[in-house]
Amino acid sequence: MNFTELLRHVGIFGGAVIVSLALLSVFSVGMIIEKHRRFSSTFRESVKFKPEFKKFLHGGDVQNLVEAGRLHPNSYVAQVVSAGIVEYDGVAQSGGDPTASLELVTSALRDSISETLIQLKSGLGFLATIGSTAPFVGLFGTVVGIINAFRSIAATGSGGMSVVSGGIAEALVSTALGIFVAIPAVVAFNHFTGKLETFHVEMNRASSQLVNRLFKMPELKGLELDEMDEAKASKVKKEGPAYATR
């Protein structure tokens, strides 16, 4: 009995299960293609944006960085960096103190990272749901198919192949289709999750580098001030105390 003959013996309920799994498979493949295109696009644009960001880190012009961010709006690195630049520029124009500016820029970078990750994660929950539930839907069809096979045996009083073929067909097709739908969804979900972790690390690194570049490491500034105070103190000590003349 070939696959076409198996489908002919499938009952109404088994057919509904098979159609449901087929629709889930179509939705899963569509989501995989869409996420692959989205991830590939954002990765390519980030690769193009990174050289401009490196130039800025080594003393480049901020206007060139802003223009590069506009040219690559889908880049996850560009989205985070642009959010930090906009917040820093806004605080600088309003005349805010450096400490408050650092906190605001850091907060803007965290919010931008979170929003970018939410956008990239959209649809992955659907893939995870399909990957985890499709085998159980197939198993449900399998159980119903076996029940139908035993019903046929009970109704006819015999157990020939022609009697149980319909129930066995439902069981086999439902099981195979459930596994067939689940495997690509699970593989794609794990693949995209790994990509997201890499993107998250790169965004965190870019935000840290941007903060260090904009604020010139405030803790190092403090050390420089302390060194200047120590130098002044040592100079006064060498010159000796100054006495007022009467």
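Taking the criterion of being assigned to a helix (DSSP H, G or I), in contact with a helix residue (DSSP H, G or I) (Cβ under 9 Å, 6 or more places away or on another chain), open to solvent by 60 Å² or more (accessible area, probe 1.4 Å) and not hydrophobic (A, V, I, L, M, F, W, C), would at least one residue in region 18-35 satisfy it? Walk me through how you get there before you give the answer.
Step one: list which residues in region 18-35 are assigned to a helix (DSSP H, G or I), which gives 18-35.
Next, only the ones that are in contact with a helix residue (DSSP H, G or I) (Cβ under 9 Å, 6 or more places away or on another chain) stay: 18, 20-22, 24-25, 27-29, 31-32, 35.
Then keep just the ones that are open to solvent by 60 Å² or more (accessible area, probe 1.4 Å); that gives 27, 29.
Those left that are additionally not hydrophobic (A, V, I, L, M, F, W, C): none.
No, region 18-35 contains no residue that is assigned to a helix (DSSP H, G or I), in contact with a helix residue (DSSP H, G or I) (Cβ under 9 Å, 6 or more places away or on another chain), open to solvent by 60 Å² or more (accessible area, probe 1.4 Å) and not hydrophobic (A, V, I, L, M, F, W, C).
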Which residues, taken from region 169-186, are farther than 10 Å from THR142 by Cβ and open to solvent by 90 Å² or more (accessible area, probe 1.4 Å)? PHE180, ILE183
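For region 36-51, what are the residues that are of a type outside the set (Lys, Arg) and open to solvent by 60 Å² or more (accessible area, probe 1.4 Å)? Spell out the reasoning first.
Pass one, region 36-51, residues of a type outside the set (Lys, Arg): 36, 39-43, 45-47, 49, 51.
If the condition is that a residue be of a type outside the set (Lys, Arg) and open to solvent by 60 Å² or more (accessible area, probe 1.4 Å), then HIS36, PHE43, VAL47, PRO51 are the ones that fit.
Within region 207-221, is there a residue that is modelled with pLDDT under 65, open to solvent by less than 90 Å² (accessible area, probe 1.4 Å) and within 31 Å of the chain's Cα centre (by Cα)? Please lay out each step first, then the result.
Of the residues in region 207-221, the ones modelled with pLDDT under 65 are 217-221.
If we keep only those that are open to solvent by less than 90 Å² (accessible area, probe 1.4 Å) too, we end up with 217-218, 220.
Next, from what is left, pick out any that are within 31 Å of the chain's Cα centre (by Cα): 217.
Yes - at least one qualifying residue is present in region 207-221.
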Any idea which of PHE199, PHE180 is among the hydrophobic types (A, V, I, L, M, F, W, C), at pLDDT 90 or above and closer than 26 Å to SER114 by Cβ? PHE199
Restricting attention to region 47-81, report how many residues are in contact (Cβ under 8 Å) with a residue 24 or more places away in the chain and of a type in the set (S, T, N, Q). 3
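Identify, from the list SER94, SER101, the residue that is at pLDDT below 90, surrounded by 13 or more Cβ atoms within 10 Å (Cβ to Cβ) and of a type in the set (Ser, Thr, Tyr).
Numbers: SER94 fails: surrounded by 13 or more Cβ atoms within 10 Å (Cβ to Cβ).
Of SER94, SER101, the one residue that is at pLDDT below 90, surrounded by 13 or more Cβ atoms within 10 Å (Cβ to Cβ) and of a type in the set (Ser, Thr, Tyr) is SER101.
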Members of region 122-135 that are open to solvent by 60 Å² or more (accessible area, probe 1.4 Å) and touching a Ser or Thr at 6+ places or on another chain (Cβ under 9 Å): PHE126
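The values are calculated or read from the model by the stated rules, or taken from the named source; none is laboratory data. Note that the structure is predicted; figures quoted are calculated from it, not measured. No Cβ is skipped: glycine too gets one built from the backbone with ideal geometry, and neighbour counts run over all protein chains shown. Side chains included, ligands, DNA and RNA excluded: accessible areas come from the protein's heavy atoms. Shrake-Rupley method; radii C 1.70, N 1.55, O 1.52, S 1.80 Å.
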